[in-house]
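K.L.:
Please read through the structure below; I'll follow up with questions.
The values are calculated or read from the model by the stated rules, or taken from the named source; none is laboratory data. For clarity, every value in this text was computed on a predicted model and none was experimentally measured. Virtual Cβ from ideal backbone geometry, glycine too; neighbours counted across all protein chains shown.
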Amino acid sequence: MNKLAIFTEGQTERTFAEWLVLSLGGGARVEIRVERVHGGRRGDARRIIEISGTNEVASHEFFVLIVDCGQDERVKSDILDRHDRLISAGYKHIIGIRGLFPHSRDDVGRIRDGFVFKLPVEPVKPALILAIMEAEAWFLAEHSHFPRILTSLKQSITTRLVHMWNVL
C-alpha cells in the first residue's frame, strides 16, 4: 500500500487536499482519513478532535492521511511531532500545505528555510506547498466562477460582493 500524509493549515486547504486526492485518484483504490488537531497552547497537549474516513486497510492501493493543523505555524510542528510514527507506519510521502499570510512575498525564502530547518530528511523528506495567496482569496478574486456553476447564483453573488466591497 502507498501512503501519503498531508498536513494543512486549515479547513479550506484540508477540503481542497481531499478533493484533489479523490479527483486525481480516479479509479484507483484510494482511501482517505481526515483528522483535525486542536490544542497546544498554554501547555495543553495537542489532540485529535475530529476524525472521518477510514482506517488503514491492506486492500487499499493508496491511503492518504489529511491532518488539519488549525493554523499556519502548526503545520511544521505537527509534522515534526508525528514524523517518526508516520515513517514507522510506512508513509513514503509527507506534504505540508500552508499559506504565506500574514507575511509578504518578500518572506517566501525565509518561510521555506524555516520549514526545512531541523526537519528530518531521511528516510522521507517532507515537502512544503506554500500558497502565496490564501485559498479563500482566490474565490474572492475570481468571483465569476460561481455563476458559471449555477446561474441562479449570479445576482446573489454580485450583490454580496458589491456590498462587501463597499463595507471595506
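K.L.:
Mind listing whichever residues of region 2-54 are hydrophobic (A, V, I, L, M, F, W, C), in contact with a Phe, Trp or Tyr (Cβ under 8 Å, 6 or more places away or on another chain) and either loosely packed, with under 14 Cβ neighbours inside 10 Å or on the phi > 0 side of the Ramachandran plot (or both)?
P.N.:
Ala28
K.L.:
Being in contact with a Leu (Cβ under 6 Å, 6 or more places away or on another chain) and either more than 10 Å from Val67 (Cα to Cα) or among the small types (Gly, Ala, Ser) (or both) is the filter here, so list the residues in region 1-57 that pass it. Steps first, answer last, please.
P.N.:
First, pick out the residues of region 1-57 that are in contact with a Leu (Cβ under 6 Å, 6 or more places away or on another chain): 5, 33.
Ala5 - this is the single residue of region 1-57 that is in contact with a Leu (Cβ under 6 Å, 6 or more places away or on another chain) and either more than 10 Å from Val67 (Cα to Cα) or among the small types (Gly, Ala, Ser) (or both).
K.L.:
Would you confirm whether or not region 82-94 contains a residue that is at pLDDT below 90 and either aliphatic (A, V, I, L, M) or over 12 Å from the mean Cα position of the chain (by Cα) (or both)?
P.N.:
Restricting attention to region 82-94, the residues satisfying the condition of being at pLDDT below 90 are none.
There is no residue in region 82-94 that is at pLDDT below 90 and either aliphatic (A, V, I, L, M) or over 12 Å from the mean Cα position of the chain (by Cα) (or both).
K.L.:
Give the residue that is modelled with the highest pLDDT, with candidates limited to residues of region 105-136 that are closer than 14 Å to Asp72 by Cβ and of a type in the set (Gly, Ala, Ser).
P.N.:
Applying the first criterion (closer than 14 Å to Asp72 by Cβ) to region 105-136 yields 107-108, 110-112, 114-115, 128-136.
Next cut, of a type in the set (Gly, Ala, Ser) only: 114, 131, 135.
Numbers: Gly114: 84, Ala131: 78, Ala135: 60.
The residue in question is Gly114.
K.L.:
Do the conditions hold for Glu35, that is, is it at pLDDT below 95 and closer than 18 Å to Leu130 by Cα? Show your work before the answer.
P.N.:
Values: at pLDDT below 95: yes; closer than 18 Å to Leu130 by Cα: no.
Here the answer is no, as Glu35 does not meet what is asked.
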